[in-house]
1. Rounding to the nearest 20 debye, state how big the charge dipole of the chain is about its Cα centre with +1 on each Lys and Arg Cβ and -1 on each Asp and Glu Cβ.
2. Calculate for the chain the 222 nm mean residue ellipticity that helices alone would give, adding -39,500 (n - 2.57) per DSSP H run of length 4 or more and normalising by residue count, nearest 500 deg cm²/dmol.
3. Determine ³J(HN,Hα), in whole Hz, for all residues of the stretch 40-45 in sequence, where each value follows from phi through the Karplus function 6.51 cos²θ - 1.76 cosθ + 1.60 and θ = phi - 60°; x replaces Gly and Pro.
4. Apply the Karplus curve 6.51 cos²θ - 1.76 cosθ + 1.60, θ = phi - 60°, to the phi angles in the stretch 63-76 and return the couplings in whole Hz, x for Gly and Pro.
5. So what are the chain's ellipsoid semi-axes, whole angstrom, largest first, if each one is the square root of 5 times an eigenvalue of the alpha-carbon gyration tensor?
6. Rounded to the nearest 0.05, what FRET efficiency do Lys15 and Asn56 give with R0 = 41 Å and r taken as the Cβ-Cβ distance? Could you check?
7. Considering only Thr29, Thr54, Thr11, give the residue with the highest GNM mean-square fluctuation for the chain, with springs between Cα atoms whenever their separation is below 10 Å.
8. Give the accessible area for Ser71 in Å² (nearest 10); use a 1.4 Å probe, count only protein heavy atoms, and leave out ligands, DNA and RNA.
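The values are calculated or read from the model by the stated rules, or taken from the named source; none is laboratory data. Everything numeric here is computed off the predicted structure, so don't read it as measured data. Here Cβ is always computed from backbone atoms with ideal geometry, including for glycine, and neighbour counts include all displayed protein chains. For the accessible areas, the whole protein counts, side chains as well, though only heavy atoms, and no ligand, DNA or RNA atoms are used. Shrake-Rupley method; radii C 1.70, N 1.55, O 1.52, S 1.80 Å.
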Amino acid sequence: MALKLVFDKITPDLKKKAKKLEQIAPEATKHFKSVTPKRTGNARNKTKLQGGNTINADYNYATRLEQGASSQAPQGMTRSTFKFIKEQLDKIF
């Protein structure tokens, strides 16, 4: 009986990709905060990553900021964050 050794090249690559994918949500939250308008810092301070994959903007004027009420973020924060996420995914895959 012959013994055949097979080197698995796929699994290490998948593990690297999975690790990079796990980093996207925290990095996207940092990006979201960085493009959030800052007057008092309340909006940035109350923006948190929730459940490992949801950015929660927990302040009563989040919708107004997202709709462009501030000249600091006339396009809101979500569009820029989606673009950031897409760029990160493109780097991984």
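1. 180 debye
2. -17000 deg cm²/dmol
3. So the J values, rounded to whole Hz, are 9, x, 4, 4, 5, 5.
4. These are the phi-based 3J(HN,Hα) values: 4, 5, 5, 5, 7, x, 5, 10, 5, 6, 9, x, 9, x Hz.
5. 40, 13, 8
6. About 0.90, to the nearest 0.05.
7. Thr11
8. Number for this one is 110 Å².
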